[in-house]
1. With respect to the numbered conditions (1) exposed (fewer than 11 other Cβ atoms within 10 Å of the Cβ); (2) within 20 Å of P100 (Cβ to Cβ); (3) of a type outside the set (A, V, I, L, M), which one is the sole condition not fulfilled by G12?
2. Tell me which residues, restricted to the range 119-131, are closer than 21 Å to Y73 by Cβ and more than 21 Å from the chain's Cα centre (by Cα).
3. With L116, L91 as the choices, which residue is more than 29 Å from A30 (Cβ to Cβ), open to solvent by less than 20 Å² (accessible area, probe 1.4 Å) and of a type in the set (A, V, I, L, M)?
4. Kindly list the number of the only condition in (1) open to solvent by 40 Å² or more (accessible area, probe 1.4 Å); (2) of a type outside the set (F, W, Y); (3) closer than 20 Å to H7 by Cα; (4) assigned to a helix (DSSP H, G or I) that fails for Q80.
5. Scan the range 27-43 and give yes if some residue there is over 18 Å from D9 (Cβ atoms), modelled with pLDDT of 95 or more, among the hydrophobic types (A, V, I, L, M, F, W, C) and open to solvent by 20 Å² or more (accessible area, probe 1.4 Å), otherwise no.
6. Provide a single number: the residues in the range 132-157 that are surrounded by fewer than 17 Cβ atoms within 10 Å (Cβ to Cβ) and closer than 30 Å to D79 by Cβ.
Amino acid sequence: AVVFGNHDDEGGISKEVQIAYYQSFPGCLAVEGEPMSGCGNYYLTINGADGAPKCVLWFFDSGTYDISSEGTYGCVEQDQIDWYKQTSAKLTAQYGKQLPGFVFQHIIVPEIYNMLYTVSKGTEDAVRGIDAWHDNYYTLNSDFTLSGTLGEGPCPPVRNKGEFDAWIDTGDIKAAFFGHDHVNDFIVTDR
């Protein structure tokens, strides 16, 4: 299974061509997905030993760059969020219960900054925020952090289309995994 982010089509090969290439290999589970923003928006159900689905893995193309916001990072768009909410509801109806979900996408959601402490410049282990958050410095918030290192200011999109809120409202997402920030490896929880 693969998920696309902001660097994947910088080399002149479209994401659509790349996913077709990946699909030529045995065991590839990635699909281009339904027509919507990005490429490779899809889900996979994971079945238990009894053959019944136990959880859903969600894959979102988090885009490339947002030229409407001075070239900041892309985000999951409203049509992708709508697809997720509608599909989650269909899966709940189909299986008679809401399955726990796990999100995989490249670019992190803006709400990550709500999970950090705002500190003074010069504070030990502090990093400077990026884009809309560049006026502040941050450290991991021990109230939310389970483990890991904050090595750079997280780089979410400036535009917030409400993806995180959709996860909360829908109620099925138990964890989300992001790969965008090169030197961050922290795990945070709001529970």
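1. Of the numbered conditions (1) exposed (fewer than 11 other Cβ atoms within 10 Å of the Cβ); (2) within 20 Å of P100 (Cβ to Cβ); (3) of a type outside the set (A, V, I, L, M), the odd one out for G12 is (2).
2. Passing the criteria: V127, R128.
3. Step by step, each of L116, L91 is checked, and only L116 is more than 29 Å from A30 (Cβ to Cβ), open to solvent by less than 20 Å² (accessible area, probe 1.4 Å) and of a type in the set (A, V, I, L, M).
4. (1)
5. Within the range 27-43, one or more residues are over 18 Å from D9 (Cβ atoms), modelled with pLDDT of 95 or more, among the hydrophobic types (A, V, I, L, M, F, W, C) and open to solvent by 20 Å² or more (accessible area, probe 1.4 Å).
6. Qualifying residue count, the range 132-157: 2.
The values are calculated or read from the model by the stated rules, or taken from the named source; none is laboratory data. Values in this document were obtained by computation on a predicted structure and should not be read as measured data. Glycine also receives a Cβ, built like all others from the backbone with ideal geometry; neighbour counts cover every protein chain displayed. Side chains are part of the model used for accessible areas, which takes the heavy atoms of the whole protein and leaves out ligands, DNA and RNA. Shrake-Rupley method; radii C 1.70, N 1.55, O 1.52, S 1.80 Å.
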